[in-house]
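Step one of this worksheet: look at the structure below.
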Amino acid sequence: MGPGAAIKPSGSVVYAPGTGTVAVAQTTGHAFGLQLDNGLEILIHVGIDTVELDGKGFDVRVKVGDKVTPETVLVEFDRDIVEAAGFSLITPVIVLNAAAFASVEAVGLGSGKVGTPILEAVTKATAPSEV
């Protein structure tokens, strides 16, 4: 798939990691594809195997074509439903087009807050872009 980072959500909301456009928004709320304005193509998969919940406990807030910013809520989820079903909430954030960049590295690891960059992509000709 590509390089990325995994987030262990402390809350029950997933925000867009940058400014861009929603390319994929699964109605089940478990996965989103974003085309960011900085050129990164991002996949966010909320939890592991959560597609099996068929949307139960997920409230999708965006649709394909929506413009997003780091303040945009992609989905809200009910932690109790996900955890009671035995699924992990570990959320991979993957750069799908990493080959278009000189490098993609995880940054800001550890406890963070919304808006804290978790990935840094260095373009082949310019300065780093953050997600």
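The values are calculated or read from the model by the stated rules, or taken from the named source; none is laboratory data. What you see is a predicted model, and the numbers here were worked out from it, not measured in a lab. So basically every Cβ, Gly included, is an ideal-geometry build from the backbone, and we count neighbours across all protein chains shown. Ligands, DNA and RNA are excluded from the accessible area calculation, which covers all protein heavy atoms including side chains. Shrake-Rupley method; radii C 1.70, N 1.55, O 1.52, S 1.80 Å.
Out of all the residues in region 14-44, which are assigned to a loop (DSSP other than H, G, I, E, B) and buried (at least 20 other Cβ atoms within 10 Å of the Cβ)? Even if it seems obvious, please write down each step before you answer.
Step one: list which residues in region 14-44 are assigned to a loop (DSSP other than H, G, I, E, B), which gives 16-19, 26-30, 37-40.
Scanning region 14-44 gives A16, P17, G18, G29, H30, L40.
Can we say V64 is in contact (Cβ under 8 Å) with a residue 12 or more places away in the chain and open to solvent by 30 Å² or more (accessible area, probe 1.4 Å)? Walk me through it before giving the result.
Details: in contact (Cβ under 8 Å) with a residue 12 or more places away in the chain: yes; open to solvent by 30 Å² or more (accessible area, probe 1.4 Å): yes.
Against the criterion (in contact (Cβ under 8 Å) with a residue 12 or more places away in the chain and open to solvent by 30 Å² or more (accessible area, probe 1.4 Å)), V64 qualifies.
Find all pairs meeting these conditions: Cβ atoms under 9 angstrom apart; at least six residues apart or on different chains; first residue within region 74-85 and free of Cβ contacts under 8 Å to residues at least 40 places away in the same chain; second residue in a helix (DSSP H, G or I) and β-branched (V, I, T).
From region 74-85, the pairs are V82/T50; A85/T50.
Among the numbered criteria (1) small (G, A, S); (2) open to solvent by less than 30 Å² (accessible area, probe 1.4 Å); (3) touching a residue at least 24 places away in the same chain (Cβ under 8 Å), which one does G2 miss?
(2)
Go through G55, G47, G11 for me and flag whichever is open to solvent by less than 40 Å² (accessible area, probe 1.4 Å), in a loop (DSSP other than H, G, I, E, B) and at pLDDT below 95.
On the way: G55 fails: at pLDDT below 95; G47 fails: at pLDDT below 95.
Residue meeting the stated conditions: G11.
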